[in-house]
Structure formats: C-alpha cells, structure tokens
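Down below is the structure, laid out as structure tokens.
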Amino acid sequence: MTAVGIDAIEIRTGKLKLDLAETFAPAQGDDPGKYTKGLGLHASSFPDVYEDIVTMGANAAHRLMERKGLSPQDIGRIDVATESAFDNSKPVSTYIAGCLEQVYDGDFHHANKGERKFACISGTQSLDDAYNWIRAGRNRGRSAIVIATDTALYARDDPGEATQGAGAVAMLVSEEPSLVELSAEQGFGSADETDFLKPNQQFPSVDGKRSVNVYLARMREALDDYASVAGDIHPEDYPLVPFHTPFPGMVRKAAALGYRHIVRGTDVEDLLAEEIGHQPMPEDFETDDEWHAAIKEYTDALTETERYQDWYADTIEPTLDIARHVGNWYTGSVHLARASGLKHAREHGRELAGQQLLVASYGSGAQAEVHAERVVPGWEAEIAQLNIDEQIRNRHELTFAEYEQVHDVHNHDQESDAEEFTAPEQEFVFDGWGRMGERKYRYVE
Ligand code: COA
C-alpha cells in the first residue's frame, strides 16, 4: 500500500513577543517562577496589527508551496483548523486560497476547502480528513494542505492570559511523504464536557483547573483505546511523544500519566516496582479520595526516578522547546510539538528513520486522540528547512503598555488604531474591510 503522511511542515509565528517572566509577571504581581517553572513558559507570540489567522496561515502555506515547488494545480484540498474564526459561514480556507491566488498563476477552483472545529484537536482531525481523502483514492494525484492557525487570546485578567499565543502550522499531506507516514490505527477518548468554550464570543469561558483534569481523563481513555487496536505498547517504542501543549506544565502532568499507563505489563513496571512499589489500583481503595491521594503519591515518586527522568528528557522535553517561547497555538500546538521534537533530534544527530512517534492530541469540549506515525528516511533534510528560530529571534519585544494595545487591536469589540510594530516584507497582510464586512488581504513585496 502506498504510504500517506506529512510531506512537509511550515511554522509561522506572530511577529510580536511578550516576555512572561520579565514583563507580564511583574505587571500582574506574580512571581516569575509561576511562568518559567510552573507553566514552563518564557514568552508568548502575538500578531502584529497587520497579522491575523489568515495572514499567518497563508504565509506558512506560501513558504510551504515555494519550498516544495508546488502550483495550485498540485493541491486538491485546503483544510483549515481554527478556534479563532471570525465568520460563521465563510471558511478561513477561502481567504487563504484567495491570498495564495494573488501570487500564483492559476487558481484553486478545483480544490475542496473547509474549516474544522473541535477546539485544539481539529488540526489533527483535519490531518485525518486529508489522510482519508487520499486513502479513499479521491485525490487524483493531488496533495492536501492542512493549516492549523489561531490567535489564542483570553480576556484581560483571566487566568488563561498567562497561556496566550499566536501562530500557524501548515502541513502538506501527500502520497510517499518525506517526513512521517500516518497509519489507520488511532485511539479516542471523547465526552461532552464544558471545560473551555466560546459560545458566540471571542474570548473563551474557561474553567482552567477543570480543563487540566478533563485533558488527563480523556487522554487516559484515548491511550486505552489506542492500545486496544495497536496491541502491546512499550515506553521505549517511541523516541518522541508530542502532546498537545497549551503550556509545557500541562504536558509534564500528561506525560507522567501516559508513562504510568504504558509501562503496565512491561519489564519497566517490574523494575519500577523494585524502586517505588507497585502502581496503586482503584479496586484497592474504598473512596475516590484515598485512591487519588495514592495515585498522587505514586506519581510524585515515579517522576523522581532516574528511569522516568531520562525518558522524559529524551522523549518529551525536546517537543516543548518551541512552545516555551511562543505559548499556546491551540490547533497548531501538537503539530508544533512534533516539529519541535524532530528539529531537536536532527540538531542532536538522533537517527529516527523507521521509528514511531506517538502523537497525543487534545481539544476541550472534549476529545483526545492518540496515534503513531512512522518517521520516513530523509526526514532530516525536510526538517532542516524550518526557519522558526530566526522568526522567534526577530520578533518585536513588547512593553506591557504595548501588550495592552495589541490585545485591544485584536479584540473584536474594541476600536483601536495602534501603529504596526514591525515592517511587513514579502508576506500577506490584513488590508482593511470590504463592503460586505469581509476582511481584505494583499501581498507586500
Ligand atoms: N514557582 C514555581 N511554580 C509555581 C510558582 C512559582 N513561584 N507559582 C505557581 N507555580 C505553579 C503552580 O503550583 C502550578 O503548578 P501545578 O499545577 O503543577 O501545581 C502552576 O505553576 C500554575 O499556577 P496556578 O496558580 O495553578 O495558575 P493559575 O491558577 O493562574 O492557572 C491555568 C493556570 C493553566 C489553569 C490557567 O492558565 C488557564 O486557565 N489556562 C487556560 C486553560 C488551559 O490551557 N487548560 C489546559 C488544558 S487544554
């Protein structure tokens, strides 16, 4: 069977930076350690006044197409995953295709376009859609572009304000991919939850603490469901495990839970038992509180072991490198984690070809999905093309007063006439409003 998977990835960060420890924490009266140690975040990215989910997505897709030498005729599908859409009818993918048509000969009239919504997991769902479309033989030799793009803003002084971010990840999904091959095996954990939602409002209603617990509960179900199709899994089967990363501290919790789960029934469980005892099981406790206290105690002991810490340093830590400097990108976040892990592996000479990544996605509302991806020979050449370090370095660093202005600029309910902080160059920019309330874009040479 022909391999289908991700052929190329491009990452586009918002061009502004808010330093959380130096600038945000003091203004909020917080200890910087809450950000750098607790949440695991140093900075958030924000869009400049001429950037938004369309420009970030279109700029990522443009670089992707240029780099791969593609024309609109090569693309049969453009799917956008976002939870920051500004229109309940016209999908963001039409705006992005419109941008790209400004710079290419030909058009995307033949391409199926859509927009996926399920909080942060819709980026992964769009990948699944693209995979299924190719597997079903409906692609007529063409590839799909999947774009996960978001501006993750919270209301001022909401606890979520600490975990904001903005950026886009564009992925080319093709036959015979150059990066990772997807498979039909996946596991789900899905339930009707109200942890984070935006009922016709721009800024989310969030029950932050609950959202952390719902993430963990759904992830546990998805892991069980995945194991039911993939068979026995072992922690050493996966050199990298990219998780959805709203903030790295969330992944610290999820990784410990995942590890506890996947070591069960393996030699690692026996080795750990010699050191810290056996994992507590719910049937051994009379009340939920006793069971939760025992699990917390066991998890604390587990995360102190050298075995766990070595696994975490190799398998999880590299996937968090980029997130620490850009914050939460919602739909793009797990795809940023994959790219971050692969980038780190290339820079450290790790040989991953033929090995499997275990990818753990999550969206509030709520659903988790776990699947494996096989790294394809030659992946290093593809990942070497990323220019995210340069983009991160070149961001304009905001003062707190400037941050307040930028938050207002992107607040749909505020009128703001802030000047741009950076000069656009060779990119799509927001260019005002049209007569039907549509957003307009142009390419700046
Ligand atoms: N040094 C080290 N760690 C510190 C610290 C310090 N000075 N101050 C606080 N911390 C730790 C806390 O102990 C906590 O870690 P823990 O959860 O492991 O105990 C962490 O930093 C965050 O501090 P907390 O007081 O819990 O932050 P908060 O009440 O402002 O809320 C969120 C944190 C994540 C709930 C909030 O940012 C939020 O609602 N985010 C949006 C929702 C979200 O992203 N959910 C994730 C699932 S999708």
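None of the figures in this text is laboratory data; all of them are computed from the coordinates on show. All values derive from a computational prediction rather than experimental measurement.
Annotations for the structure displayed:
- Karplus-based coupling profile of region 368-374, in residue order and whole Hz: 10, 9, 10, 8, 9, 10, 9, with θ = phi - 60° in 6.51 cos²θ - 1.76 cosθ + 1.60 and x standing for Gly or Pro.
- Using the Stokes-Einstein relation with a Kirkwood hydrodynamic radius computed over Cα pairs, the translational diffusion coefficient of region 70-211 at 25 °C and a viscosity of 0.890 mPa s comes to 146 µm²/s.
- Principal axis box of region 285-432, alpha-carbon based, largest edge first, Å: 59, 47, 27
- Shape box of region 134-272 [Cα atoms, principal axes, largest first, Å]: 50, 47, 26
- Computed from Cα atoms, the angle from the helix 92-103 axis to the main principal axis of the chain rounds to 50 degrees.
- Hydrodynamic radius by Kirkwood, which averages 1/r over all alpha carbon pairs of region 45-96, in angstrom: 12.3
- Helices in the chain, meaning DSSP H runs of at least 4 residues, each add -39500 (n - 2.57). Divided by all residues, the mean residue ellipticity at 222 nm is -11000 deg cm²/dmol.
- Taking θ as phi - 60° and the Karplus parameters 6.51, -1.76 and 1.60, the scalar couplings of region 332-342 work out to x, 4, 5, 6, 5, 5, 4, 4, 4, x, 5 Hz in sequence order, x denoting glycine and proline.
- Kirkwood Rh in Å, taken over all unlike Cα pairs in region 136-176: 13.0
- Computed from phi, the 3J(HN,Hα) profile of region 322-330 under the Karplus parametrisation 6.51, -1.76, 1.60 (θ = phi - 60°) reads 6, 4, 4, 9, 10, x, 8, 10, 6 Hz, with x in place of Gly and Pro.
- Set the Cα radius of gyration of region 31-122 against 2.2 N^0.38 Å, with N its number of residues, and you get 1.35.
- Listed by chain and number, the lysines whose C-alpha is less than 18 Å from the C-alpha of Lys117, apart from same-chain residues fewer than 8 away, are Lys90, Lys198.
- Bridge orientation summary for the chain: considering DSSP beta bridges with both residues in this region, about 75 percent are antiparallel.
- Pair-distance distribution of the chain: all C-alpha pairs, bin width 10 Å, starting at 0; shares per bin in whole percent are 4, 22, 32, 26, 12, 3, 0, 0.
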